[in-house]
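Here's the structure we're looking at; comments come further down.
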Amino acid sequence: MRKCAKCGKTSQMQGARKLLRGHYNPVNWSRKYPNLQYAKIDGVRALVCTSCMRTIAKPARPRRAKKEAVASAKA
C-alpha cells in the first residue's frame with residue numbers, strides 16, 4: 001500500500017450523502033488517496049505527501065533555552 005514516508009498517511013474510505021427531498025440518500029463508499037510525490041529526504045528518494053513537503057520546506061525555528069522562557073514569563 002502506498003504510504004507517506006514521513007507521517008505514515010495512507011488512503012481512507014469516504015462516503016458521500018446527497019440531500020434528496022428532505023431525506024439523506026447514502027451513496028457507495030469510495031477510497032480517497034493522499035497526494036504522494038517523490039522527494040528527497042536525507043538524500044534518499046521517498047514518497048512523501050504534499051503537506052509534509054510543505055513542512056520540510058519551512059525554515060527551522062530557533063529554539064529558546066528554558067531559563068530564558070521562565071524568566072520572561074515571570075517578568
Notebook entry, point to check: Just one of the numbered conditions (1) among the charged types (D, E, K, R); (2) in contact with a Pro (Cβ under 8 Å, 6 or more places away or on another chain); (3) at pLDDT 85 or above is not true of ARG45; which one?
Noted result: (2)
Check: Condition test on PRO59, is it in a loop (DSSP other than H, G, I, E, B) and closer than 13 Å to ALA5 by Cα?
Finding: no
Next item on the list: Note down all Cβ pairs under 8 Å where the first residue falls in the stretch 17-30 and is assigned to a strand (DSSP E or B), the second is of a type in the set (A, V, I, L, M, F, W, C) and loosely packed, with under 10 Cβ neighbours inside 10 Å, and they're at least six residues apart or on different chains.
Entry: ASN25/LEU19; TRP29/MET13; SER30/MET13
Note to self: So, ARG54, is that one modelled with pLDDT of 90 or more and charged (D, E, K, R) or not?
What the structure shows: yes
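The values are calculated or read from the model by the stated rules, or taken from the named source; none is laboratory data. Nothing here was measured: the structure is a model prediction, and the numbers come from that model. Note: ideal-geometry Cβ built from the backbone for every residue, glycine included; neighbour counts use all protein chains shown.
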